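Below is one structure. I have some questions about it.
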Amino acid sequence: MTVATAEPPRLPVRDRAVAVERAWGGLSPMLTRLAAEKATGVLVREHGTLHLADGQVVHAESPLAPGLEILLTAHGTLSTETWRQAAQRAEDRRGAAHLLLAAGRLAEGTLQLCHLVALYDAAYFVLAPSSTPGRFRYGAVHRPGALRPVAVAALERETVRRRDLLHRIWPDPRLDSAPLVRTDTVCPPRLTVRRQTLLDRVNGTRTATDLARALGRQAFHTLVDVRRLAAAGLVAPQGPPPPPPDPPQPPPRLPSADTRTTPAADPPAVTTDPHITLLKRLRDALEAL
Amino acid sequence: MPGIDECLLQAMRLPGARGAALVDWTSGLALGTVGDAPAGDHETSAAEAAELARLAAEHGAFTADDADADAEHPPVEDVIVSNRTSYHLLRFVDTGFDSSVFLHLWLSRAEGNLALARIRLGEMAERLVLG
């Protein structure tokens, strides 16, 4: 018997640099292309819109994220009445913000800051995976003078980083969109006032983004708070856990009043390796504390 | 009324300033940067500084006694870190709307004046949002 001495052909290796570049196109290849051609117009995706001027993002809106006016009026930075009056005189939100800036009702730093955080906040949801293709309407976009545009690459990088941050805190994406329920825990940790306020409003019907809007808080910040509360064992998503192979079942805990989430749940018969999964989730939870 | 960039440029005029950034500590995002970054690039520095700021702001040991009653304002004023060659000064900004931002100033230890920088950075943080 002879042993084959010829070396097998080498397996193809992905060029890392190219792969990284390609991966950036992965969030929204259309957006990457629009940035490259320095397009001006409005990109409409399933969860919101991005306004582009010369290939840079100047504004983002999503029904899931509270806009500039909610952030500015919720905590008394501006009165609702002041905003309403400005909004009546201007054609859009940014126009209203500029009127207030000119009238000295709003500091330039506050407006820039609020606009930037609202932009990143909305863009996080706009760039979320969608089930429908995006559309782009070329056309003039009102270019705000004092407000800073954001490069598409920076926005995509930040969005990916934010997804990763949520995953590291508590890897259960259902918390972002499902109605939330409170769960009992043996020794609840001391909560910050901010998280306690959020927890007090969890009622089994509101989702994280509903709560963000009700409290006038940034939606992504609320997602972070909700994941930390989940990691502490205080909230869980409503509804049955999705089927394997990605079983984000709640970690073992004492039976809670919330029985709807576990309707006579038999453990799934086929799992890849429950111990590894459980250990990883435990590690993630401990790191998040 | 200064905007974000003017505020950071002002901070860079302080003696010994090597770099400055405005960072969101919940997400770790740098909203504005100027000068050099202590960790090589501004994005990494912002994420690392945000982690430190979050620990200070979220743990009862470091927050003001009345932090529970006064949830609208940042629970911490500054975080100061010193090492053999430099100082780091993190100043929490009270924006008035829901946010979690701080100014991060990186100072050279040989030329910087920590006490002066702390007072000035506090004033800049106030002017940024009050105009």
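The values are calculated or read from the model by the stated rules, or taken from the named source; none is laboratory data. Keep in mind that this is a model prediction, so the values were computed, not measured. Heads up, the Cβs are rebuilt from the backbone with ideal geometry, glycines too, and the neighbour counts pull from every protein chain shown. Ligands, DNA and RNA are excluded from the accessible area calculation, which covers all protein heavy atoms including side chains. Shrake-Rupley method; radii C 1.70, N 1.55, O 1.52, S 1.80 Å.
Compute from the Cα atoms of segment A:72-130 the Rg and the Dmax, the latter being the longest Cα-Cα distance, and quote both in angstrom.
12.7, 40
How far is helix B:114-130 tilted off the main Cα axis of chain B, in degrees rounded to 10, range 0 to 90?
Result, in degrees: 60.
Something else: Solvent-accessible area of B:F102, probe 1.4 Å, all protein chains present, reported in Å² to the nearest ten, please.
The accessible area of B:F102 comes to roughly 0 Å².
To continue, here is another question. What's the Cα-based Rg to Rh of segment B:4-127, Rh via Kirkwood? The partial results should precede the final answer.
Values: Rg = 13.5 Å, Rh = 14.3 Å.
Using Cα coordinates only, the ratio equals 0.94.
Using 0.36 nm per residue, how much length does the chain from A:R135 to A:A214 gain when fully extended, once their Cα-Cα distance is taken away? Display every interim value, and only then the final one.
Details: separation 79, 0.36 × 79 = 28.44 nm, distance 3.01 nm.
Using 0.36 nm per residue and subtracting the Cα-Cα distance, I get 25.4 nm.
Separate question: Starting at the first residue of segment B:18-35, write each ³J(HN,Hα) from the Karplus equation 6.51 cos²θ - 1.76 cosθ + 1.60 with θ = phi - 60°, in whole Hz, x for Gly and Pro.
Along segment B:18-35, the couplings run 10, x, 8, 8, 10, 10, 8, 8, 7, 9, x, 8, 8, 8, x, 9, 8, x Hz.
If each residue of separation counts as 0.36 nm, what is the full-extension length gain between A:A153 and A:V193 once their alpha-carbon separation is subtracted? Mind dumping the intermediate values first?
Details: separation 40, 0.36 × 40 = 14.40 nm, distance 3.54 nm.
That works out to 10.9 nm of additional length.
Work out from phi, with θ = phi - 60° and the Karplus expression 6.51 cos²θ - 1.76 cosθ + 1.60, the ³J(HN,Hα) of each residue of segment A:277-289, listed in order in whole Hz, and give x for Gly and Pro.
Per residue, the Karplus-derived 3J(HN,Hα) values read 4, 5, 5, 5, 5, 5, 4, 4, 5, 5, 5, 6, 6 Hz.
Further question: Which loop trypsin sites (Lys or Arg not before Pro) in segment B:81-112, with loop taken from DSSP, have no more than 16 other Cβ atoms within 10 angstrom of their Cβ? Before the final figure, lay out each step's value.
Numbers: sites: B:R84, B:R91, B:R109; in loops: B:R84, B:R109.
Here the trypsin sites (Lys or Arg not before Pro) that fit, given the DSSP loop and packing criteria, are B:R84, B:R109.
Let me know the Kirkwood hydrodynamic radius for segment A:110-245, please, with Cα pairs as the basis and the value in Å to one decimal.
Kirkwood hydrodynamic radius for segment A:110-245: 16.7 Å.
Label B:D78 and B:E126 with points 7 Å out from Cα along Cα→Cβ: what is the distance between them in nm?
Reported label-point gap for B:D78 and B:E126 is 1.4 nm.
Averaged over A:111-120, how many beta carbons belonging to a partner chain fall within 10 Å of each residue's beta carbon?
On the way: counts 4, 11, 15, 6, 0, 8, 11, 1, 0, 4.
Mean shielding count: 6.
Determine the calculated [θ] at 222 nm for chain B from helices alone, applying -39500 (n - 2.57) to every DSSP H run no shorter than 4 residues and normalising by the residue count; nearest 500 deg cm²/dmol. Mind showing how you got there, number by number?
On the way: 3 runs with 43 residues, N = 131.
Computed mean residue ellipticity for chain B: -10500 deg cm²/dmol.
With a 10 Å radius around each residue's Cβ, average the other Cβ atoms per peptide and rank A:173-184, A:42-53, highest first.
Values: A:173-184: 18.2, A:42-53: 19.8.
Top to bottom by mean Cβ count within 10 Å: A:42-53, A:173-184.
For B:R54 and A:E46, what is the calculated FRET efficiency with R₀ set at 35 Å and r taken between the beta-carbons, to the nearest 0.05?
On the way: r = 31 Å, r/R0 = 0.90.
About 0.65, to the nearest 0.05.
Per residue of A:66-76, count partner chain C-beta atoms within 10 Å of its C-beta, then hand back the mean as an integer.
Numbers: counts 1, 0, 1, 0, 2, 5, 3, 1, 2, 6, 3.
Taking the mean over all residues of the peptide, I get 2.
With r defined as the distance between the Cβ atoms of B:D94 and A:R84 and R0 fixed at 30 Å, what FRET efficiency is calculated, to the nearest 0.05?
That pair, B:D94 with A:R84, gives E of 0.75.
Tell me which residues come under 5 Å, amide H to amide H, from B:A39 once H is placed; ignore anything under 5 positions away on its chain.
It is B:S45, by chain and number.
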